Amino acid sequence: MWRFTSEIFNKLGDIDKILKFLRGTFWDKLLITKKQFDDFKEGKHLKRWQQEGADLVLFYGEDLLKEPNKVILLNVKSHESSRKSRDPNIMSAQRLIEYINDLIGRIDGKNLLDNAELWFIGVNYLATEKGGKITGIFVKDLFKLDVSLIPQINFDAAIQIQWHVENMKEIEQSNKEFAIKLLDEFIIRWEKHSKHKDSKYKILAKSIKSKLT
């Protein structure tokens, strides 16, 4: 990923030009961090950002500087098929909502949202003595997911969306419709979670006080 970022920084060369260019992309907040800008200013090699919103970038245009949004972000998840495990962390629901809010606040922001593409690739495999055998590959479009079927938004763990890629369900909807549905689903689940926690801690406080007095 750092090679993709480095190519853009090196081609544009000037920080102001880079910032202007990135404001016209849907992916900058998912791939680039302030630390990379600081390193570039100091002439250092750019390093990967641990919180990158994708593992791979697929560019399907001819000139990245002229067609910056002909990009698909690929988020790859693997799963050992013989093991039963809880749904893995996919991405932070809070971060996704904040990303959408930032995007639509820009000039031409709604058009940027319409052109945003982030896909999940799930690779199921069986471990073998020789390394492993792939048992299934699944590709799902984030903005086509039916958010009402998300198994869990884990508010106790960085507000992570947890979902096996193979179990994701897609429906026909626009990116805008996805964003609205995600916000509604987030609020519904947050209110349920917060009410549960409020009740839990009130009961705990009452129990402690009764024992102490």
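If I filter segment 144-159 for residues that are assigned to a loop (DSSP other than H, G, I, E, B), surrounded by 13 or more Cβ atoms within 10 Å (Cβ to Cβ), of a type in the set (Asp, Glu) and touching a residue at least 24 places away in the same chain (Cβ under 8 Å), do I get at least one hit? For segment 144-159, residues assigned to a loop (DSSP other than H, G, I, E, B), surrounded by 13 or more Cβ atoms within 10 Å (Cβ to Cβ), of a type in the set (Asp, Glu) and touching a residue at least 24 places away in the same chain (Cβ under 8 Å): present. Lys211 satisfies every condition listed in (1) of a type outside the set (A, V, I, L, M, F, W, C); (2) closer than 26 Å to Leu96 by Cα; (3) in a helix (DSSP H, G or I) except (2).
In segment 171-198, the residues that are more than 15 Å from Val147 (Cβ to Cβ) and at pLDDT 95 or above reach residues that are surrounded by 15 or more Cβ atoms within 10 Å (Cβ to Cβ) and not small (Gly, Ala, Ser) with C-beta atoms within less than 6 angstrom, at least six apart or across chains, in these pairs: His193/Phe155. Filtered by the rule that a residue be more than 18 Å from Asn75 (Cβ to Cβ) and aromatic (Phe, Trp, Tyr), segment 131-184 gives a lone residue, Phe155. Exactly one residue out of Lys34, Lys11 is basic (Lys, Arg), modelled with pLDDT under 95, surrounded by 12 or more Cβ atoms within 10 Å (Cβ to Cβ) and on the phi < 0 side of the Ramachandran plot: that is Lys11.
Among all residues of segment 195-206, there is none that is among the small types (Gly, Ala, Ser), part of a helix (DSSP H, G or I), more than 17 Å from the chain's Cα centre (by Cα) and under 26 Å from Val76 (Cβ atoms).
Where helices (runs of 4 or more DSSP H) fall wholly inside segment 28-122, the ranges with 3 or more residues that are touching a residue at least 60 places away in the same chain (Cβ under 8 Å) and not β-branched (Val, Ile, Thr) are 93-104, 109-115. The listed residues are Lys70, Lys44, and the only one of them that is within 19 Å of Thr5 (Cα to Cα), at pLDDT 95 or above and among the basic types (Lys, Arg) turns out to be Lys70.
The values are calculated or read from the model by the stated rules, or taken from the named source; none is laboratory data. Every value quoted in this text rests on a predicted model; they were computed, and no experiment measured them. All Cβ positions, glycine included, derive from the backbone under ideal geometry; neighbour counts span all protein chains shown.
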